[in-house]
Amino acid sequence: MHDPAGRDTVGAVGVRLVAALVAAAVAGCASGSERSGEPPGVGDEAAWEGAPESKLHVNNRNWLDMRIYAIRGADRMALLTITSMRRDSVPLPRSLLMGSGFRLQADPIGDRPYRSSMIYVRPGQTVWWRLENVLEQSSLWIYQDEEN
């Protein structure tokens, strides 16, 4: 349709509509990490390339042997099995460091499991988990390795 001045009114409305749709699409493409408040690249595996390794150290002061798992959502990943009154270490898989945090679970052989609070680990950090005989009295801390 044309108005008496010779302008294409349908075309102008169409251009405005397309511009509004493009603006909405660009705004909707913000990464999940930006919407969740995480720094950009946290969920991007390429951003971690060359980053220092993160580790888990477990000091099992419990009388029972333990299986240690990492829990993220409904997924459970076996990390290590540790004998009573022993210490052991394992590198943390990079997949645990990307995105949301995770919990550690100590599964005593012959007793009920114990889970840590939610933890967030960055490359180069070390998680120390000391499991006490009364598991609810266990302690967990995270620190940055001085070398990294």
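Per the listing ASP88, ASP65, the residue uniquely under 16 Å from THR126 (Cβ atoms) and at pLDDT 95 or above is ASP88. When PRO123 is tested against the conditions (1) modelled with pLDDT under 90; (2) assigned to a strand (DSSP E or B), the lone failure is (2). Across the stretch 71-116, the number of residues qualifying as assigned to a loop (DSSP other than H, G, I, E, B) and more than 17 Å from HIS57 (Cα to Cα) comes to 11. The C-beta contact set for the stretch 98-120 (first residue within 21 Å of GLU53 (Cα to Cα) and in contact (Cβ under 8 Å) with a residue 12 or more places away in the chain, second residue among the β-branched types (Val, Ile, Thr) and part of a loop (DSSP other than H, G, I, E, B), distance under 9 angstrom, 6+ apart or interchain) comprises MET98/VAL42; GLY99/VAL42; GLY101/VAL121; PHE102/VAL121.
Among residues that are hydroxyl-bearing (Ser, Thr, Tyr) and touching a strand residue (DSSP E or B) at 6+ places or on another chain (Cβ under 7 Å), SER84 is included.
When the stretch 61-80 is filtered for residues that are surrounded by 13 or more Cβ atoms within 10 Å (Cβ to Cβ), touching a strand residue (DSSP E or B) at 6+ places or on another chain (Cβ under 6 Å) and not basic (Lys, Arg), the ones remaining, listed by number, are ASN62, LEU64, MET66, ILE68, TYR69, ALA70, ILE71, MET77, LEU79, LEU80. With respect to ARG16, is the statement that it is at pLDDT 95 or above, over 14 Å from ARG130 (Cα atoms) and charged (D, E, K, R) true? Taking the combined requirement at face value, the residue does not satisfy it. For ASP88, the test of being charged (D, E, K, R), out of contact with any Leu (no Cβ under 9 Å at 6 or more places or on another chain) and surrounded by 15 or more Cβ atoms within 10 Å (Cβ to Cβ) is failed.
The values are calculated or read from the model by the stated rules, or taken from the named source; none is laboratory data. This structure is a prediction, so every number in the text was calculated from the model and none was measured. Because the Cβ atoms are built from the backbone with ideal geometry, glycine has one as well, and the counts that use them run over all protein chains shown.
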